[in-house]
1. For the chain, what is the Kirkwood estimate of the hydrodynamic radius, computed as the reciprocal of the mean inverse distance between distinct Cα atoms, to one decimal in Å?
2. Where the eigenvalues come from the Cα gyration tensor of segment 3-225, what are the semi-axes √(5λ) of the equivalent ellipsoid, largest first, in whole Å?
3. Spelling out what I want: for every residue of segment 399-412, take phi, set θ = phi - 60°, compute 6.51 cos²θ - 1.76 cosθ + 1.60 (Karplus), and round to whole Hz; glycine and proline get x.
4. Per 0.36 nm of contour for each residue apart, how much would the distance between residue 95 and residue 345 grow if the chain were fully extended, relative to their Cα-Cα spacing?
5. What percentages make up the Cα-Cα pair-distance distribution of segment 248-458 when the bins are 10 Å wide from 0?
6. Specify the longest stretch of the chain that does not include any exposed loop site, a site being one of the GluC sites (Glu not before Pro) with a non-H, G, I, E, B DSSP assignment and at most 12 other Cβ atoms within 10 Å.
7. Compute the distance from the alpha-carbon center of segment 115-190 to that of segment 204-226, in whole Å.
8. Give the long-range amide H neighbours of residue 3: residues separated by 5 or more places, or on another chain, with amide H under 5 Å away, using H modelled in the peptide plane at 1.01 Å from N.
Amino acid sequence: MSHFFISAAHKSSGKTTLSLGLCAALKSRNLKVRPFKKGPDYIDPMWLSRAAGADCHNLDFNTMHDEEIRRTFHHYSAGFDISLIEGNKGLYDGLNLDGSNSNAALAMLLNAPVILVIDARGMTRGIAPLILGYQAFEPGLNIAGVILNQLGGSRHEAKLRAVIAHYTDVPVIGAVHHDQDLTITERHLGLIPSNEMNEAQKRIELLGQRIAQQVDLDALLAIAHTAKFSFDPVSTEQPSSFRLPAPCRIGVARDAAFGFYYPGDMEAFQQAGAELVYFDTLHDKELPRVDGLFIGGGFPETQMSALESNRSMRQSVRNAVESGMPIYAECGGLMYLTRSLSWNREHCEMAGAIPADTVMHEKPQGRGYVKLQETANHPWPMVKNTGQTPEIAAHEFHYSSLENIKGVKFAYDVLRGTGIDGNHDGIVYKNVLGCYVHLRDVDENHWVQRFLRFVQQHRSAKPTAPQ
């Protein structure tokens, strides 16, 4: 199994741009490339999936145990020529003081050689102690190569190569010069999602061409081929194999406003026997004929005028809520279900299905890892009845907050994080569960199975979306 880990000395070193370019460049060599992303993230994986032509899967210490991470990596790497794992933040950054949830820890767990990306702007001889320090800090880690980024020109490159060759034993496998054409526009959550950017494919192709010219792909492949990884399950417990007794149809909002979905979660729906029916909140006039809805996160604030203009869809969604259709909405989906959305002095009507109003702010209102405790109000049936309400690991990242909330119950107490009001999350209104947090279907939280059981309980003989 050939694989490598792209990390950096610090955040914003350009590792995502390089990872995209490497995926595209390797794919252009007719290699089957499987991308992975460390931590909770939707936007970078959307780009990586598009660049590689294969779904990007997340590997996250917060929601997954070590064996599950290894199993996930093994499962999705099978049948691919090479796997690229992109880290988050810096190589040694993480929440735990001992580094047990850092990029370095993940690289060692997967026995992945690390390619260290260094933003070399303003650096010459000082790059040597940086590399030596990163090597010495974690002796068990294999820093197998360096890609220099944001170089000022050929003279700058030559100096850095000479310094690194003189003081270290780490090969320079790439030197990427500063190039404004390689920049992907960002907004408050990072890169603009690829589903919003019309020129996404052209930008990826350009990245692939430029990276292929400035990175030694043969040297990279040789490093990746040295990786040794095997997976022998320690646990005898098998992953969930839940199947619905009868097929059902789940409507999934997917358009420029809503696109934050984990591929593994979508697979869990399909493996359980659910048919995913995608619909467009911006252009479709009404909901498709479905038994339940999943409205994920995204950027409804950037599409708020178009969402408001589609009155028939808003009415269709409101009717579905009032008729008792099971609905799960995360973050952007929650915002869409409220009465209104206000941002930059603009005020637009939303679906009006949840008695609350959404207001955007300049600074994040909630971000990072979250720990939730279920309350007795949670509507979904348990997978295992242990007699205890479980704690759930999740994540949040939202610049909005809810105001004027009336007549709702909450499914979660927030033990860590912000949620809706700092203490609660998961508005329960009729058969709707609307959260700011993002769940992930993993061993410790098979939320897809629970939601489908809930849909099954409330499904009528002939599934329809009320109009």
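FYI, it's all coordinate maths here, none of it is from the lab. Quick caveat, the model's predicted, so the values are computed rather than measured. Here Cβ is always computed from backbone atoms with ideal geometry, including for glycine, and neighbour counts include all displayed protein chains.
1. Result for the chain stands at 23.4 Å.
2. Taking √(5λ) for each Cα gyration eigenvalue gives 24, 22, 16 Å.
3. 9, 10, 9, 9, 10, 6, 6, 9, x, 10, 10, 10, 8, 9
4. Here the segment from residue 95 to residue 345 would lengthen by 86.3 nm.
5. With 10 Å bins starting at 0, P(r) equals 9, 38, 39, 13, 1.
6. 1-198
7. Spelled out, the Cα-based centre of one part sits 15 Å from the other.
8. Placed amide hydrogens put 83, 227 under 5 Å from residue 3.
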